[in-house]
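Take a look at the structure below.
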Amino acid sequence: MVVSVAGHTDAGSLSEQLAEGLLGTLNHRQVASFDVDELFDYRSRRPQVTFTENRFSDYRGPRLDIFEVRDAMDRPFLLLTGDEPDFQWERVAETVLKLIQQLDVSLVVTVDSLGLPTPHTRPVGVTAHGNRRDLIEGISTWSPNAQIEAGLSQMLELRVDEAGRDVVGYTMHVPHYLASGRYPQVAVAALEYAGAACELMLPTDELREAARTVEADISRQVEQAPEIAQLVQKLEANFDQFSSTAQRSLLVKHDDVVPDAEELGAAVEEFLRSRPEDVKPGTEEQIPPPGADDDGDTPGQPSG
């Protein structure tokens, strides 16, 4: 299960971009939806509505949903996404935990993001946490000891850990001067970490293209503003001084050799050749109902 909700730890609009990237590309279906009238204070975060000439349309209220999604290799996983509730966090966490236990979900991965004094010219940093040492050890670029304000993601991670289930989280670091807008780089990084942890092939092509556009726009603005360029240089110097020089990749084990592009491509091609001819990715009908495998006879379990 992948968890990404829009709350106070959502710098760079991570949750929205992650959901768009997954649900806009992969086969999926909604399996649960929380009662938003019970969970949200509409006056504290007023929904958006469009007014055109003399009519209202496109009302966008809060949502919190669970989807069953199939990755590029047709492997199933659950996605909890939407807005962080104002109320009843414990009941939401209890409901999610019951689903995790009923479906025997093997791993829960939370992804969120913070605005930190890091430069956009360096790779997106991360703070890894959870109870699976093999998925967090040597990953973090910054691991402070601090008391912080909790969100639903942090509380849910704690409750899953207390229940004895495997859970990890990846908090991405967004340059603080870019935290209020859409920063595609953070969504790319989050999908890479979540995909590697859950052994899923998650789409990032469109987000990478958007990231290149944003990168070019930022570079132009920095070139036109010497004071911003000086700020970025100071952040770069600080980042290079204190960042870890031996960050581990989740894509390989400690003693493994990193495969090159040709080896990865050959492995993917071999997998695709081995698939049955009647399996055609890209159609919603390929997703079986909850609790059933492809034949509809035996209970199935999401991999993450």
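All of the numbers you see were taken from the coordinates with simple rules; none came from a lab. Quantities reported herein were computed from a predicted structural model and do not represent experimental measurements. Note that each Cβ is placed from the backbone with ideal geometry, even for glycine, and that neighbours are counted across all protein chains shown.
Quick notes on this structure:
- Neighbour cut-off at most 14 other Cβ (10 Å), DSSP loop, GluC sites (Glu not before Pro), the stretch 21-126: Glu53
- In the stretch 46-80, the trypsin sites (Lys or Arg not before Pro) that fall in loop regions by DSSP, at most 16 other Cβ within 10 Å: Arg63
- Site pair Ile148 and Arg46 shows an inter-label distance of 3.1 nm when each label is modelled 7 Å from Cα along Cα→Cβ.
- Positive-end residue, the stretch 120-222 charge dipole about Cα centroid, Cβ charges, pick of Ala128, Ser180, Ile139: Ser180
- Radius ratio Rg over Rh of the stretch 56-151, counting only Cα atoms, Kirkwood formula for Rh: 1.00
- Between the stretch 176-219 and the stretch 1-34, the alpha-carbon centres lie 13 Å apart.
- Loop chymotrypsin sites (Phe, Trp or Tyr not before Pro), the stretch 61-156 (other Cβ atoms within 10 Å of the site Cβ: 14 or fewer; DSSP): Phe87
- Each residue, Asp205 and Asp74, gets one label point 7 Å from its Cα in the Cβ direction; the gap between the two is 1.9 nm.
- Convex hull volume per residue, computed on the Cα atoms of the stretch 138-201, equals 136 Å³.
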